[in-house]
Amino acid sequence: MVVPTPLHEKIGLACLRAGVHCLIEKPLATTVEEAERLHNLAESRRVILQVGHVERFNPAVQEAQRHITDPRFIQAVRLGPYDPRVSHVGVVLDLMIHDLDIILDLVRAPVVQLQAVGVQVFSEHEDVANARLTFSNGCVADVSASRVSLVPQRTIRVFQSDGCVSLDYMEQELRIYRAKAGSNGTPREIEALRPKLEKGEPLRAELQHFLDCIREGQRPLVGGEHGRDALALAMEILEQVKLARAG
């Protein structure tokens, strides 16, 4: 569905009631309540609702998930130049929400503590933001987003007990660093792996997945519940940004 976000709920509900499968761009809605209504209606009508978190279809992300088993610390950075066309929303809903969705999918535990700050630069909303998330399983994520950067960057690094997984969204590259054990079981040296990936077009893969879900009746990789959860976390971050400004 390619309409402004404030119309996602109205048009989405109408389509779902009519039995029309929907692919709705992120963010799923303007409020968590709207997103919940869309998700619940799709579930009750057994109609496919897919949310356009396109980074899930990045080949590097899909390969990285095979190597990430127990994330303990995550660093995500997403920088880009200012675009007046999206000045009606801040950088959290514009850019950071991509990484929030990825992190929620990797950690799969609830957030128990959240700190966030944001700064206005060119628009009436936050153009630079940083959030620190602590999950119930002990994992911590540091997430930064800026849309006032001259040099674009979209990276994420995941640290776990057996090493680090470093991913470049833009280049679709993945690097894995692991400690090789010596004869006595202690780490001897760092092993660097660079899986050979077949680069692809995430948007094309996303659209193909939507069609496959319709044909085969399968649940989408990014369903309404995922869009709702990413939006809910983004809204919590925005609330913390607001409180930080007021303080």
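Structure notes:
- Considering residues of the range 78-95 that are assigned to a helix (DSSP H, G or I) and under 16 Å from the mean Cα position of the chain (by Cα) only, the residue modelled with the lowest pLDDT: Asp94
- Figure legend. Inter-residue proximity from the range 88-115: first residues within 12 Å of His53 (Cβ to Cβ) and open to solvent by 30 Å² or more (accessible area, probe 1.4 Å), second residues in a helix (DSSP H, G or I) and not acidic (Asp, Glu), beta-carbon distance below 9 Å, spacing 6+ or different chains. Indicated pairs: Leu104/His226; Leu104/Ala230; Leu104/Leu233.
- Residue that is surrounded by the fewest Cβ atoms within 10 Å (Cβ to Cβ), among those in the range 196-218 that are outside any helix (DSSP H, G or I) and free of Cβ contacts under 8 Å to residues at least 24 places away in the same chain: Lys196
- Of all residues in the range 1-24, those satisfying the criterion of being open to solvent by 30 Å² or more (accessible area, probe 1.4 Å) and under 16 Å from His88 (Cα atoms) are Val3, Pro4, Thr5, Pro6, Leu7.
- Residues of the range 116-140 satisfying the condition of being hydrophobic (A, V, I, L, M, F, W, C) and open to solvent by 20 Å² or more (accessible area, probe 1.4 Å): Val117, Val119, Val121, Phe122, Val128, Val140
- Residues that are open to solvent by less than 80 Å² (accessible area, probe 1.4 Å) and either at pLDDT below 95 or of a type in the set (Val, Ile, Thr) (or both) within the range 168-184 comprise Ile176, Arg178, Ala179, Lys180, Ala181, Gly182, listed in sequence order.
- Considering Val47, Val51, the condition of being without any contact (Cβ under 8 Å) to a residue 40 or more places away in the chain, in contact with a His (Cβ under 7 Å, 6 or more places away or on another chain), closer than 25 Å to Glu216 by Cα and open to solvent by less than 70 Å² (accessible area, probe 1.4 Å) is satisfied by Val47 alone.
- Residues located in the range 96-150, provided they are among the β-branched types (Val, Ile, Thr) and not in a strand (DSSP E or B): Ile97, Ile102, Ile103, Val107, Val121, Val148
- Residue among Val165, Val143, Val148, Val158 that alone is under 30 Å from Glu124 (Cα atoms), in contact with a Phe, Trp or Tyr (Cβ under 9 Å, 6 or more places away or on another chain) and either modelled with pLDDT of 95 or more or open to solvent by 40 Å² or more (accessible area, probe 1.4 Å) (or both): Val148
- Extreme residue, nearest to Gly217 (Cα to Cα), among residues of the range 64-77 that are touching a residue at least 12 places away in the same chain (Cβ under 8 Å), open to solvent by 40 Å² or more (accessible area, probe 1.4 Å) and more than 14 Å from the chain's Cα centre (by Cα): Thr69
The values are calculated or read from the model by the stated rules, or taken from the named source; none is laboratory data. Since the model is a prediction, treat every value here as computed from it, not as a measurement. Cβ: placed from backbone, ideal geometry, glycine included. Neighbour counts: every protein chain shown. Areas reflect the complete protein model, heavy atoms only, side chains present, ligands, DNA and RNA absent. Shrake-Rupley method; radii C 1.70, N 1.55, O 1.52, S 1.80 Å.
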